Amino acid sequence: MSAILEKVNIEALREDFPILKEKVHGKDLVFLDSAASAQKPRAVIEAMTHVMTSQYANVHRGLHYMSERTSEAYEAVRDKVAGFINAAARDEIVFTRNATESINLVAYTWGRTALKPGDVVAVTEMEHHANLVPWQMLRDAHGTELRIIKITDSGEVDWHSLEDVFADGRVKLLAVTQMSNVLGTYTPVERLAKFAHAHGAKILIDGCQAIVHRKIDVRAVDADFFVFSGHKLYGPSGIGVLYAKADILDAMPPFMGGGDMIAHVSYQKSTWAKPPHRFEAGTPAIIETIGLGAAIDYVNAIGMEAIAAHEAALTGHALAVLPNIEGLRILGSAQDRGGVISFVMKDAHPHDIATLLDRQGIAVRAGHHCAEPLMGRLGVTSTARASFALYTTREEIGALAKGLERVRKMFA
Amino acid sequence: MSDLYQQIVLDRTRHPRHAGRPAHFDARGEGANKLCGDKVSIYLTREGMDLHHDAEGCAILTASADLMADAAAGKTPAQMRELAAAFTQAVTSGTPNPALGALNALTPVADFPSRIGCATLPWRALEEALQDV
Ligand SMILES: Cc1ncc(COP(=O)(O)O)c(C=O)c1O
């Protein structure tokens, strides 16, 4: 591992991200908000520009050269994504706009057909709104029940609560994050999948955060559904992924109707295309999808293991340094955690922290991080959050600590 | 950055002069920022326009509420409505207004678009309270 780590020269990698040279309020940009959306390497920017300057047309339609080339480039990304998460087949990869749309797609199509009124969907207390609200909407529209699995004070799934929630055998779906965007906790998805399956439930994994930092293997985990967004994985916004096992996708009705998703259409009636096209109505995000392909190539070239090792070292460093700041408290202390660190300070409100850091060129996020109920569970209204990416350096964590020390002094 | 976090703002956050729910009040207004979860309650006593606040939020919100309470003393509801309009104008444009006195300390917030709402939230709550006096 450490040999791999040394091979990753962070300074050289940073050269790949043009935006990191920008100044903010006259200071060097220290970008610690990658969990919200990551910056883009030149390879992604150029891949997208290249489509538009030399090979663009609509996909799956034309018989002409440009359309064929674009369709090839677009469909090649499906293979890349399948390989990246180790799906069994390319047809198990559905392109969406983002993880939010992927979850809504599952709730709307699978939820309304595979689930019966009275069936239970279970989520944890630390889900992003994207993995909570669609299940509330399904409950209200379809009569399913929604149950919340507790987390422990350290920010891990509370196994007793999990067992309680599953006790009556009515849970048919466990929808769970693989990494909390607030606490940085990794959940034991392999164990959770085994547990869900042993209780007759399927598992949907929200991989938005985890996929950026860890090698994902949907087959090893035995995930039924896995979702993520391109923009957090150094790709563009506007492209997301839904992975689902082939037999599940086969049985799902379409999400939206229109072009591309049909097999045959008459004025009276239509038949549906096979997955994945059944779920991709209309002209897709062609340029963004190709950008996502470039992002996957980019992280693959560095290697997920190398990225994970670099970020683990950074996270360890930050967890050692930040608590030295008087009055600063980190939320969550899970055993298995990654580079997303939420904190509060005794005298400074998260908003003031974020504004004051911003004036020093340091970007952190402040607020409820689209996890409002979790804030209540943690006994705060908001937190400040620093999150790391493959381009984050030790010096930047030093800058954060120094910046926070200045904030503390102002409010002391 | 010291532009926005002037001494008076920091001081009013650390030691607000008008914090806490009074035993008696004639009107009450609430403000909540859905985006960040910050909250403020404004309590008005008709006599002499005695104003108190209960703020759960950032320095900008707390200082805004506390300086508003200073300014309210002895004013009529109509005068307070005018002041609210003048304050909103000043913190969105960044132009100080002599009528605002110490409240002008908050006008630099105009340069921080995402924070303007923090400064104006107590004033929204005030407008709600004023409907009842
Ligand atoms: C854990 C988690 N789930 C879901 C989402 C939603 O992602 P998107 O807004 O790209 O759909 C996010 C992004 O903030 C996230 O962090």
Quiz item: Summing -39500 (n - 2.57) over the DSSP H runs of n ≥ 4 in chain B and dividing by its residue number, what mean residue ellipticity at 222 nm do you reach, to the nearest 500 deg cm²/dmol?
Solution: -13000 deg cm²/dmol
Self-check item: With DNA, RNA and ligands ignored, accessible area of A:Val133 (1.4 Å probe; Å², nearest 10)
Solution: 60
Exercise. Determine the order of A:His128, A:His351 by accessible area, beginning with the largest, at a probe radius of 1.4 Å.
Key: A:His128, A:His351
Quiz item: Which value, in Å² rounded to 10, gives the accessible area of B:Glu128 with a 1.4 Å probe and all protein chains present?
Solution: 80
Quiz prompt | Whole-number percent relative contact order across chain B, with pairs defined as alpha carbons under 8 Å at least 6 apart | solution = 31
Exercise. Give me a single rounded figure for B:30-42: the average over its residues of other chain Cβ atoms within 10 Å of their Cβ.
Key: 3
Self-check item: Potential extension, A:His129-A:Ala320 segment - 0.36 nm per residue separation minus Cα distance
Solution: 65.7 nm
Self-check item: Hits among lysines - C-alpha to C-alpha of A:Lys116 under 27 Å, sequence gap 8 or more where chains match
Solution: A:Lys150, A:Lys172, A:Lys194, A:Lys202, A:Lys245, A:Lys269, A:Lys274
Self-check item: Amide H contacts under 5 Å for A:Gly62, placed H, 5+ residues apart
Solution: none
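For region A:325-357, state which trypsin sites (Lys or Arg not before Pro) are in a DSSP loop and have at most 14 other beta carbons lying within 10 Å of their beta carbon.
A:Lys346
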Quiz item: With springs only between Cα atoms under 10 Å, which of A:His160, A:His199, A:His369 fluctuates most in a Gaussian network model of chain A?
Solution: A:His160
Exercise. Quickly work out the A:Ser54-to-B:Arg14 label distance, labels modelled 7 Å from Cα along the C-beta direction, and quote it in nm with one decimal.
Key: 6.2
Exercise. Per DSSP H run of at least 4 residues, take -39500 (n - 2.57); add these up for chain A, divide by its residues and hand me the 222 nm value, nearest 500 deg cm²/dmol.
Key: -11500 deg cm²/dmol
Quiz item: Roughly speaking, what % of Cα-Cα pairs in the protein assembly as shown are separated by over 34 Å, rounded to a whole number?
Solution: 48
Practice problem: Set the Förster distance to 25 Å, then compute FRET efficiency between A:His25 and A:Arg377 from the Cβ-Cβ distance, nearest 0.05. | Solution: 0.10
Quiz item: To the nearest 100 Å², how much accessible surface do chains A and B cover up together, summed over both, with a 1.4 Å probe?
Solution: 1500
Quiz prompt | In nm, spacing of pseudo-spin labels at B:Thr92 and A:Asp153 (7 Å Cα→C-beta vector) | solution = 4.6
Quiz item: Using a basic spin-label model with each label point 7 Å from the Cα along Cα→Cβ, how many nm lie between A:Tyr65 and B:His24?
Solution: 8.9
Practice problem: Could you order A:Arg97, A:Arg112 so the one with the most accessible surface comes first? Probe is 1.4 Å. | Solution: A:Arg97, A:Arg112
Quiz prompt | Subset of A:Lys21/A:Lys80; A:Lys27/A:Lys402; A:Lys40/A:Lys409; A:Lys409/B:Lys75; A:Lys409/B:Lys34 violating a 26 Å alpha-carbon distance limit | solution = A:Lys21/A:Lys80; A:Lys40/A:Lys409; A:Lys409/B:Lys75; A:Lys409/B:Lys34
Quiz prompt | Residue-normalised accessible area of region A:46-300, expressed per residue, 1.4 Å probe, Å² | solution = 39
Exercise. Pop out the carbon and sulfur fraction of the accessible area of region A:327-412 as a percent, whole number, probe 1.4 Å.
Key: 48
Practice problem: Would you mind giving the mean number of other chain beta-carbons within 10 Å of the Cβ of each residue in A:350-358, as a whole number? | Solution: 6
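Can you compute the charge dipole magnitude of the protein assembly as shown about its Cα centre, using +1 on each Lys and Arg Cβ and -1 on each Asp and Glu Cβ, nothing else charged? Give it in debye, rounded to the nearest 20.
With Lys and Arg at +1 and Asp and Glu at -1, about 200 debye.
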Practice problem: Using only the Cα atoms of region A:46-300, build the gyration tensor, take square roots of its eigenvalues as a ≥ b ≥ c, and label the shape rounded, prolate or oblate: rounded if a/c is under 1.5, else prolate if a/b is larger than b/c, else oblate. | Solution: oblate
Exercise. Using a 1.4 angstrom probe on the protein heavy atoms only, line up A:Trp272, A:Trp135 by accessible area, largest first.
Key: A:Trp272, A:Trp135
Exercise. Taking H placed 1.01 Å from N in the peptide plane, check which residues at least 5 places from A:Leu173 or on another chain put their amide H under 5 Å from its amide H.
Key: A:Val120, A:Ala122, A:Lys202
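Quick check on region B:28-133: take the gyration tensor over C-alpha atoms, sort the square-rooted eigenvalues as a ≥ b ≥ c, and tell me if it's rounded (a/c under 1.5), prolate or oblate.
In terms of gyration-tensor shape, oblate.
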Quiz item: Which percent of the accessible area of region A:1-151 is formed by carbon and sulfur heavy atoms (probe 1.4 angstrom)?
Solution: 56
Practice problem: Report the one residue of A:Ala308, A:Met261, A:Tyr298 whose Cα lies farthest in the direction of the positive end of the charge dipole of chain A (charges on C-beta: Lys and Arg +1, Asp and Glu -1; origin at the Cα centre). | Solution: A:Met261
Quiz item: Given a 1.4 Å probe, how much area per residue of region B:2-130 is accessible, in Å²?
Solution: 43
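The values are calculated or read from the model by the stated rules, or taken from the named source; none is laboratory data. Just so we're clear, the structure is a prediction, and the values are computed from it rather than from any experiment. Please note: Cβ atoms are built from the backbone with ideal geometry, for glycine as well, and neighbour counts cover all protein chains shown. Remember, those area values only see protein heavy atoms, side chains included, never the ligands or the DNA or RNA. Shrake-Rupley method; radii C 1.70, N 1.55, O 1.52, S 1.80 Å.
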